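First up is the structure itself, then whatever we jot down about it.
The values are calculated or read from the model by the stated rules, or taken from the named source; none is laboratory data. The model shown is predicted, which means the values in this text are computed figures rather than measured ones. A quick note on method: Cβ atoms are made from the backbone with ideal geometry, for glycine too, and the neighbour counts reach across all protein chains shown. Keep in mind that these areas ignore ligands, DNA and RNA; they rest on the heavy atoms of the full protein, side chains included. Shrake-Rupley method; radii C 1.70, N 1.55, O 1.52, S 1.80 Å.
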Amino acid sequence: MATQILLKNVALAFPNLAEPQAFGDGEPAYGAKFPIEPNSENAKLIEDAIRAEAKEAWGEKADSVLAMLLEDGKVAYTRREYRSKKTGEPYAGFEKMFYLGTRNSKVQPSVYDEYREQIKNHGEITRKAYSGAIVDASVEIWAQNNSWGPRINCSLRGIMLTGEGQSFGGGSGAASADVFTAPAKAKPDASDIL
């Protein structure tokens, strides 16, 4: 079984939506992280789905297995800030937030614009679905109980862009012509050429 939920108005972070990426020795995968406000409706949806999946997978032992998985960091939803391993500081957008990590090794998540039109172009996905964009995210929480061991995982089914948030990245994107006060040269007109 798997539980599908829709997270509303969450910030998108560390997105790998246009193509899968590998970290370290891991297999390339699609995915993203989502900062989640503690005690919010989104947090309740995630926690309810995790409990339902644990109960389905481990029955009467669900509480003890889930407690062990939480201690071992084997749950996709983490109840603390996401911090840099270099500085110890929370990443931008994760201050005083919990977070949900998603990963898909084979299926590319769908990406929709604010008009519910699917975006398929690699460059357009990368440009519009940036770290900090506000989205609704369709995710699937599921229990893993196989030879790799027990876990609670989360797959990203897709996102819909709902607003422009502040970019979490180091840059602010490409400049528009409006930032330049005057052209460097006057554009020649047809009479200049003849």
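At 0.36 nm per residue, and after removing the present C-alpha to C-alpha distance, how many nm does the segment from GLU27 to ASN9 gain when stretched out fully?
3.5 nm
Residues with beta-carbon under 14 Å from that of TRP58, excluding TRP58: net charge, scoring Lys, Arg +1 and Asp, Glu -1?
Within the 14 Å Cβ shell, the charges total +1.
Might you tell me the accessible area per residue for the chain, computed with a 1.4 Å probe and given in Å²?
Dividing the accessible area of the chain by its residue count gives 65 Å².
According to the square roots a ≥ b ≥ c of the eigenvalues of the Cα gyration tensor, what is the shape class of the stretch 51-164, taking rounded for a/c under 1.5, prolate for a/b larger than b/c otherwise, and oblate for the remainder?
Here the stretch 51-164 falls in the oblate category.
Taking the full set of protein chains and a 1.4 angstrom probe, give the accessible area of MET68 in square angstrom, rounded to the nearest 10.
Only protein atoms counted, so the area is about 80 Å².
How far is helix 62-71 tilted off the main Cα axis of the chain, in degrees rounded to 10, range 0 to 90?
The answer is roughly 50 degrees.
Find the relative contact order for the chain and round it to a whole percent, using C-alpha pairs within less than 8 Å whose residues are 6+ positions apart.
Reported as a whole number, the value is 28 percent.
What nm distance separates the two modelled labels at MET68 and ARG116, each placed 7 Å from Cα along Cα→Cβ?
A separation of 4.4 nm, rounded to one decimal place.
Starting from 0.36 nm per residue, how many nanometres of slack lie between ASN146 and LYS106 once their C-alpha separation is accounted for?
That pair, ASN146 and LYS106, stretches by 12.5 nm at full extension.
To test your reading of the geometry: what angle, between 0 and 90 degrees and rounded to tens, separates the Cα axis of helix 41-58 from the longest principal axis of the chain?
Rounded to the nearest ten degrees, it is 40.
Using the Cβ atoms and a cut-off under 12 Å, what net charge is assigned to the surroundings of LEU161, where Lys and Arg are +1 and Asp and Glu are -1?
-3
Tell me the label only: which of (i) 15.6, 43; (ii) 19.6, 61; (iii) 20.9, 88 is Rg and Dmax of the Cα atoms in Å as calculated from this structure?
(iii)
Once you list every other residue whose beta carbon is under 10 Å from the beta carbon of TYR82, what net charge do they have if Lys and Arg are +1 and Asp and Glu are -1?
Around TYR82, the charge tally is +1.
Report the extension gain between GLN166 and ARG80 in nm, rounded to one decimal, defined as 0.36 nm multiplied by the number of residues separating them, less their alpha carbon distance.
28.8 nm
Run the reach check for LYS106 against lysines, Cα to Cα strictly under 24 Å, same-chain hits fewer than 8 apart removed. What comes back?
LYS33, LYS74, LYS120, LYS128
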